[in-house]
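Data first, discussion second: the structure below is written as structure tokens.
The values are calculated or read from the model by the stated rules, or taken from the named source; none is laboratory data. This structure is a prediction, so every number in the text was calculated from the model and none was measured. Counting neighbours? That spans all protein chains shown, and the Cβs are built from the backbone with ideal geometry, glycine included.
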Amino acid sequence: MENSKPENVVDFYNSFSKQYTESVKRCVPFYDEMLESLFLFLPDNFVPKNILELGSGTGNLTKLIVKKFPSAKITAVDISQECIEESKLQINFPVNYVNSNFKEIYFAENSFDLIVSSISIHHINDIEKQKLFGKLFQYQTTGGILSFCDQFCAETNEIYLKYISEWKKHAFSKGSNDDEWNMWMQHQKDHDFHSTLENHTNWLKQAGYKNIDCTKRHLLWTTIFAQKL
């Protein structure tokens with residue numbers, strides 16, 4: 001109904017946990033390549049001992065972390081307990097799961113060598129993003145790296161609308177349909193906060209990060225690398 005209250009984001013992911021992976025692979029262009037891009041520009045000698053994942057969902061990125069860094073201690077934070085349970089079914093590895101909104105988490109300073117996230121940070125607004133980046137900087141060890149991919153908007157509304165149009169074409173070419181597309185668009189309207197690449201870069205600089213770069217971009221989906229030096 002047009003005037004109905006937006007579905008709570010926790011309820012959305014709890015109810016959608018078993019369908020999430022199939023849907024996101026239809027509707028996110030080059031999804032697997034995007035996840036791989038998070039690790040592409042890590043230094044060759046970079047072997048993180050402690051890794052934090054924000055918005056771990058059903059474990060698609062978590063599995064990749066385990067594969068690449070099997071000796072690391074992994075902490076995975078997600079707001080949906082149902083998604084966490086789905087992740088546990090996929091991953092035979094002692095991940096430390098934290099059922100929480102990641103904007104409300106607190107860890108000791110210098111806790112993590114690597115912090116990663118996939119299509120999650122856009123669920124908090126711009127002020128919350130700035131606060132989160134400041135907290136993440138404190139949580140990272142010196143030399144630590146933040147690498148995340150997310151949905152960003154464009155510098156102009158005209159380009160942004162073109163992004164959405166091309167995104168829809170891709171989703172339908174992969175087997176999506178009107179019901180699924182409309183579901184994601186409603187979710188986006190209710191829960192998503194898209195910000196520009198320039199804003200993200202400035203916020204990371206303000207938090208203290210260096211070597212900030214956009215290492216991959218296709219339509220809305222953008223990968224960012226930043227380092228604490």
Fill in the blank from the handout: Log entry, pairs with first residue in segment 149-178 being farther than 22 Å from SER23 by Cα and in contact (Cβ under 8 Å) with a residue 12 or more places away in the chain, second being of a type in the set (Gly, Ala, Ser) and in a strand (DSSP E or B), beta carbons closer than 8 Å, six or more apart or on different chains, reads none
Completion exercise
If we take segment 1-107, then helices (runs of 4 or more DSSP H) inside it with 2 or more residues that are more than 19 Å from HIS123 (Cβ to Cβ) are 20-27, 31-40, 60-68, 81-90
Completion exercise
Of ILE127, ILE105, ILE84, the only residue that is over 19 Å from GLU36 (Cα atoms) and free of Cβ contacts under 8 Å to residues at least 12 places away in the same chain is ILE127
Problem - Selected residue (only one of LYS131, LYS103 is surrounded by fewer than 19 Cβ atoms within 10 Å (Cβ to Cβ), in contact with a Lys or Arg (Cβ under 8 Å, 6 or more places away or on another chain) and at pLDDT below 95) - result: LYS103
Completion exercise
Of the residues in segment 56-87, those that are more than 19 Å from VAL24 (Cα to Cα) and of a type in the set (Lys, Arg) come to LYS67, LYS68, LYS73
Problem - Matching residues in segment 162-208 - criterion: being of a type in the set (Ser, Thr, Tyr) and within 19 Å of the chain's Cα centre (by Cα) - result: TYR163, SER195, THR196, THR201
Exercise for the section: Evaluate segment 76-90: report whether one residue or more is acidic (Asp, Glu), surrounded by fewer than 22 Cβ atoms within 10 Å (Cβ to Cβ), modelled with pLDDT of 95 or more and touching a Leu at 6+ places or on another chain (Cβ under 9 Å). Expected result: no
Practice task
Determine if segment 176-199 includes at least one residue that is aromatic (Phe, Trp, Tyr) and loosely packed, with under 15 Cβ neighbours inside 10 Å.
Solution key: no
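Each row is one residue, and each column tells you yes or no for (1) of a type in the set (Lys, Arg); (2) within 26 Å of MET183 (Cβ to Cβ); (3) at pLDDT 95 or above; (4) touching a strand residue (DSSP E or B) at 6+ places or on another chain (Cβ under 6 Å).
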| residue | (1), (2), (3), (4) |
| --- | --- |
| VAL10 | no, yes, no, no |
| LYS18 | yes, yes, no, no |
| LEU40 | no, no, yes, no |
| VAL47 | no, no, yes, no |
| PRO70 | no, no, yes, no |
Exercise for the section: Output yes when any residue across segment 193-201 is assigned to a helix (DSSP H, G or I), of a type outside the set (A, V, I, L, M, F, W, C) and in contact (Cβ under 8 Å) with a residue 60 or more places away in the chain, and no when none is. Expected result: yes
Exercise for the section: Considering only residues that are part of a loop (DSSP other than H, G, I, E, B) and among the hydrophobic types (A, V, I, L, M, F, W, C), look in segment 121-163 and name the one that is nearest to GLU109 (Cα to Cα). Expected result: ILE124
Exercise for the section: Within segment 204-218, identify whether any single residue is among the aliphatic types (A, V, I, L, M), at pLDDT 95 or above and in a helix (DSSP H, G or I), and answer yes or no. Expected result: yes
Handout entry: Top-ranked residue of segment 26-74 - restricted to ones that are of a type in the set (Ser, Thr, Tyr) and within 17 Å of the chain's Cα centre (by Cα), ranked as surrounded by the most Cβ atoms within 10 Å (Cβ to Cβ)
Key = SER56
